Amino acid sequence: MKNPPSSARRSAVYLLDQVLGEGRLMSDLIAGGVLDRLAPPDRARAQRLASDTLRGLDRADRLLGRHLRKAPPLAVHNILRLATAELAQGGEPHGVVNEAVAIISNHPRYGRHKGLVNAVLRKTAEEAPRSWNDLRLPRLPRWLRDPLVQAWGGAAVGQMEKAHFAGAALDLTLKSDAEHWAKELNGTLLPTGTLRLGHQGQVSALPGFDVGAWWVQDAAAALPAKVLAPRPGETVLDLCAAPGGKTLQLAAAGAEVTALDLSEKRMARVHENLTRTGLVANCVVGDALDHTGGPFDAILLDAPCSATGTIRRHPDLPHAKDGSEFGALIDLQAAMIDHALTLLKPGGRLVFCTCSLLPDEGECQIDEALARHPGLVTDRDALERPGIDPAWITPEGGLRLRPDYWPDLGGMDGFYIACLRR
């Protein structure tokens, strides 16, 4: 398809084709504008349909395998997968099947498969709703599952996969008036202060968005800035700042914030969020390894990483990646830690974090930094924040968060956080 499609289901199929066929991430596709032709509600629906299909891909393939003698071309398979996942979750059969047939009928290469799509989905429409939940919970691919089992054990990884399949609630960080917004949005205040909503949908239509009362940020992603604990008037550098949630937290605390990111387009989002919330930061586009500003009282380094901790909200990641780039990311993280330390004032503090489940991007990274820099220590006291379970604190003095934590509250993203001082 040369032009992005203009309906929610067609757009969701396009996203699947790009993720499963081209190895592209949905976040990159959406940032590139592939859903811009859709109205906001349809944009949200397209993302939800594609995400739900990717979460349940193994189940969809198992159901479809009962009615397919061989796997069809990917474009056809993805239409079948999307429709099957939607049918399994209560989609209206007539509308789902008819649009799937219409989508394949208009395909320039595979239109001849419309009879197959129609026949298979009419069988699946009866079977999927009653069989879906009896199928095995989808597992991570071996390239990722094996190292995670080695790190955390098979039982823990099984619980992470359960959290991934359940997906993520909508989490908000509030500027103020927590009790008011919890009532206004019918949400639940989590132990760490994040507001969790039980519903998804068009974020910009929710009360408080236009006045900048809150911003979207997973509960785990909100903790690094809380560990940094900026004080009013402190100079703080937010390295790799986009999309800006942590920048907003730092600014809301009264710090004098410099937000830096390599991507001009991503930094534009930080500008938008600052404007909407009425907060102020100095936004700089540049390479973290070349930055020479400061010295700063404190630095927050949310380093580029595998993002394996975010699969519950980014189910495309295991399908679009294969782990081949992780070694380069680990080297980059070490270089960023070393450079960030040169930008600190004497006695300053550096919070390093990654949204990763891999110890090489967390615990091991800090162990090695402590070995490289005599006099560098982890500040365990910085981790004593409301809602943080002491059991999450690791031997080297960092904080390990996992998707299987808070199972009764809806889980959290996987993160590693450590506060370093000289």
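Laboratory data are not the source of any read-out in this text; all were calculated from the coordinates shown. All values derive from a computational prediction rather than experimental measurement. Heads up, the Cβs are rebuilt from the backbone with ideal geometry, glycines too, and the neighbour counts pull from every protein chain shown.
Summary table
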item	result
Ellipsoid equivalent to segment 25-149 - semi-axes via the Cα gyration tensor, in Å	22, 21, 15
Set of aspartates and glutamates with alpha-carbon distance to residue 70 below 13 Å, sequence-local pairs under 8 removed	61
Whole-number D in µm²/s for segment 226-321 (Stokes-Einstein; Kirkwood sum over Cα pairs; 25 °C, 0.890 mPa s)	175 µm²/s
Radius 15 Å from Cβ of residue 234, net charge of other residues (Lys, Arg +1; Asp, Glu -1)	+3
Summed residue charge, Cβ within 14 Å of residue 160's Cβ, Lys/Arg positive, Asp/Glu negative	+4
Projected area, mean over directions - segment 170-421, Cα convex hull, nm²	13.0 nm²
Three semi-axes of the equivalent ellipsoid, segment 283-392, Cα gyration tensor, whole Å, largest first	25, 19, 14
Segment 8-37-segment 109-170 distance, computed between alpha-carbon centres (Å)	19 Å
About the Cα centre, charge dipole magnitude for segment 12-139 (Lys/Arg +1, Asp/Glu -1 at Cβ), debye	440 debye
Segment 170-421: relative contact order as a whole-number percent, Cα under 8 Å and 6+ apart	18 percent
Amide H contacts of residue 307 (H built 1.01 Å from N, under 5 Å, at least 5 apart or other chain)	355
Nonlocal amide H pairs with residue 170, under 5 Å, H built at 1.01 Å	197, 199
Amide proton proximity set for residue 343, modelled H, under 5 Å, gap of 5+	none
Ellipsoid semi-axes in whole angstrom, largest first, where each is sqrt(5λ) of the Cα gyration tensor of segment 178-264	24, 15, 12
Which listed pairs, of 226/321; 321/345; 265/345; 246/345, have C-alpha distances above 27 Å, in listed order	226/321; 321/345; 265/345
Kyte-Doolittle at least 1.6, axis length at least 27 Å by Cα - qualifying DSSP helices, the chain	none
Histogram of C-alpha separations across segment 80-171, 10 Å bin width, %	15, 32, 25, 21, 7
Burial ranking of peptide ranges 205-212, 412-419, 396-403 (average Cβ count within 10 Å, highest at the top)	412-419, 396-403, 205-212
Cα-centred dipole magnitude for segment 170-421, charges only on beta-carbon of K, R (+1) and D, E (-1), debye, nearest 20	520 debye
Kirkwood Rh, Cα atoms: Rg over Rh of segment 283-340	1.06
Nearest-20 debye value, the chain charge dipole, Cβ charges on Lys, Arg, Asp, Glu	1760 debye
Spread of Cα-to-Cα distances over 10 Å intervals beginning at zero, given as percent, for the chain	4, 21, 30, 25, 14, 6, 1, 0
